[in-house]
Amino acid sequence: MIHTIVYGFTIGAILYFIAIGLSLTFGMMRVINFAHTLTYTLGVYMLVSLGALFKGYFVIAAMIAVVVVIPISYLIERCIIRRLYGESLDHTFIATFAIALIGVDTIKWIWGVLPYPLSDPIGEYLTIGGLTLPIYRIVIVMIAILLFIGLEFFFRKSIVGKIVVAALEDRDGVGCLGIDVDHYFSIVFMMGSALAALGGVLYAPISSVHPYMGLSILLLCFAVVIVGGMGNLRGTFVSALALGMIMAVTARYWSQGAETMVFIVMAIVLIFRPIDI
Amino acid sequence: MSDLISTQDLTKRFDGLVAVNQVNFSLQEGQVAGIIGPNGSGKTTLFNLLSGFFPPSAGRITFCGKDITKIPPHKRVGMGMARTFQLVSVFDSLTVWENLVLSTIRFKRDQQSVQSFFFAPARKRIVVDDCLKSLELVGLEKKASARTSELSYGEKRMLEIAIGLSLKPRVLLLDEPLSGLSDHEIGGVLDLIHRVKKNFALVIIEHKISKIVSVVKKLSVMNEGKILCEGDPEQVLRDPAVRECYWGKEEENCST
Ligand SMILES: Nc1ncnc2c1ncn2[C@@H]1O[C@H](COP(=O)(O)OP(=O)(O)OP(=O)(O)O)[C@@H](O)[C@H]1O
Ligand SMILES: [Mg+2]
């Protein structure tokens, strides 16, 4: 059972990394951003290439992979997402989904369709009281907790954080203070993209790497955002861990049902708390 | 004297409805103007056009001698146009103080010392005096660290005006600043308007004409998207067309 809990937290942590960006993009700009899969997957493929370059230095390869995604996400925001502000939700959905699909094909073109095997970069196990747990998974959970604390700090103490909190509540109101919301949003967008890439980079060694890996996890992350509340950062953290746990527990008894269960929970939440857009 | 704001044939259509119809509105530096008109006559829409919330369907807006028709809202604030909303708009998720500090962020670039990342030093350094002054002006200095969501509607209205003041505007657009307030609170807002009106121009939308008639130097009456009549308040209110469209309705309102 402890195993299941640690696995649940690992998945929850990964979902959290990816869901933050989605939640902020929706909360601030009312854009449903399917292109988020691209930054996630791209981070992973960068890791694949860089990992070959920096053999044995996983941390360095991972860090560079995350950093490389930032300018790419800047271009995506500048050239496409920015044009979608104020558009209807279905338009944002179609446009960003198109980016995601173009991204998948570009990845196939560069890296091919075959899955890449990546191995656990730590490979050590921790044994406590007869239980053996992979250290790597524990590290992932720790990073997620640190990130949560860091973000709480950022949103409570920094100027950009306060502007984002205000913009989540009322974007036009922030404009009325003479503040250029779009400018701050592009910072937030890059931050969210880098975190998605980080999630991908951390998850890749314990999952499988293929061009479509982003699409399936993105749907789970939308469920996280919906359950946690759009633009609600603490809610996103709690719902990511809770849904990760639900997946792990379900998988233990019914392995095919893990993802289905997430959407069942989401549907139940929507019945009791419909989203108002 | 040149106009601070002027609009040329400003028009806004929402699908078949012409909410603002070829309006030529002008305001001079330091002038206090009132806009009245029945519900749905286009007053708020005119404000939304002036502050840049909607692009106009036709016409132009000039502010401080510049054509600002295509300039985004936040830049208009930077040029000196501030506004409040018919339904009070302040940030409930922040404290009173944070609301005010956010309104001074646009001055950040003028002050080299405040290239800071953290909010706390910003509190100390960024024009902290100005924030305090605005708060004292509206009588909220004791509530500075309160959550905005804990304020009463009247206090939120005052905070909203304080935010407008700390933006250091050349013109402040107030959309029904007295609506939803008690008589006592209305007295407070009017008193405040009297105290600050020497610093900048004001445009006040209001339903209760009697309340603002003593403050405004110029009154415009809107009806069905057009300015029906404008000029000296006393004279405007004597105009037969105004009496018909406005007082007629008001009497109805009173009798119901
Ligand atoms: N965003 C919008 N989309 C469609 N129609 C709108 C929009 N905003 C305003 N209208 C319409 O434009 C007309 C003018 O509305 P506006 O809010 O400007 O009136 P008002 O004079 O401020 O009225 P009130 O005294 O009730 O505040 C109304 O018929 C309104 O329904
Ligand atoms: Mg109105």
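The values are calculated or read from the model by the stated rules, or taken from the named source; none is laboratory data. Because the structure is a prediction, the values reported are computed rather than measured. Here the Cβ is made from the backbone with ideal geometry for all residues, glycine too, and neighbour counts use every protein chain on show.
A compact table of results
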quantity	calculated
Filter result for the condition that a residue is loosely packed, with under 13 Cβ neighbours inside 10 Å, of a type outside the set (Phe, Trp, Tyr) and away from chain B (no Cβ under 14 Å), over A:ILE128, A:ILE138	A:ILE128
Residue list for segment B:104-152, restricted to those being modelled with pLDDT under 85, among the small types (Gly, Ala, Ser) and part of a helix (DSSP H, G or I)	B:SER113, B:ALA120, B:ALA122, B:SER134
Residue identified as within 11 Å of ligand 1 (Cβ to nearest atom), touching a Pro at 6+ places or on another chain (Cβ under 7 Å) and among the aliphatic types (A, V, I, L, M) among B:LEU49, B:LEU10, B:LEU17, B:LEU87	B:LEU49
Residue in segment A:145-159 that is surrounded by 17 or more Cβ atoms within 10 Å (Cβ to Cβ), modelled with pLDDT under 90 and of a type in the set (Val, Ile, Thr) present	yes
Any hit, segment A:34-55, residues being farther than 18 Å from A:MET191 by Cβ, within 17 Å of the chain's Cα centre (by Cα) and not in a helix (DSSP H, G or I)	yes
Subset of segment B:45-82 (residues that are small (Gly, Ala, Ser), away from chain A (no Cβ under 14 Å) and not in a loop (DSSP other than H, G, I, E, B))	B:ALA58, B:GLY59
Flag if A:ALA167 is within 14 Å of chain B (Cβ to nearest Cβ) and assigned to a helix (DSSP H, G or I)	yes
Segment B:142-160: number of residues that are within 25 Å of B:ASN199 (Cα to Cα), more than 16 Å from ligand 2 (Cβ to nearest atom) and within 13 Å of chain A (Cβ to nearest Cβ)	2
Criterion: within 16 Å of ligand 2 (Cβ to nearest atom), buried (at least 19 other Cβ atoms within 10 Å of the Cβ) and within 14 Å of chain A (Cβ to nearest Cβ) - qualifying residue of B:LEU165, B:LEU173	B:LEU173
Lone qualifier among B:VAL88, B:VAL20 - being more than 14 Å from every other protein chain (Cβ to nearest Cβ), within 16 Å of ligand 2 (Cβ to nearest atom) and of a type in the set (A, V, I, L, M, F, W, C)	B:VAL20
Qualifying residue in segment A:58-74 (condition: over 22 Å from A:PHE185 (Cα atoms), in contact (Cβ under 8 Å) with a residue 12 or more places away in the chain and of a type in the set (Phe, Trp, Tyr))	yes
Qualifying residue in segment B:32-44 (condition: surrounded by fewer than 23 Cβ atoms within 10 Å (Cβ to Cβ) and within 14 Å of another protein chain (Cβ to nearest Cβ))	yes
Residues satisfying the stated conditions in segment B:200-219, i.e. within 14 Å of ligand 1 (Cβ to nearest atom) and closer than 17 Å to B:ASN48 by Cα	B:VAL203, B:ILE204, B:ILE205, B:GLU206
Any hit, segment B:9-19, residues being under 18 Å from B:ALA201 (Cβ atoms) and aromatic (Phe, Trp, Tyr)	no
Residue tally, condition away from ligand 2 (no atom under 14 Å from the Cβ) and either out of contact with any Asp or Glu (no Cβ under 6 Å at 6 or more places or on another chain) or polar (S, T, N, Q) (or both), over segment B:35-59	5
Condition check for B:ASN99: touching a Phe, Trp or Tyr at 6+ places or on another chain (Cβ under 6 Å), within 16 Å of ligand 1 (Cβ to nearest atom) and closer than 23 Å to A:GLU169 by Cα	no
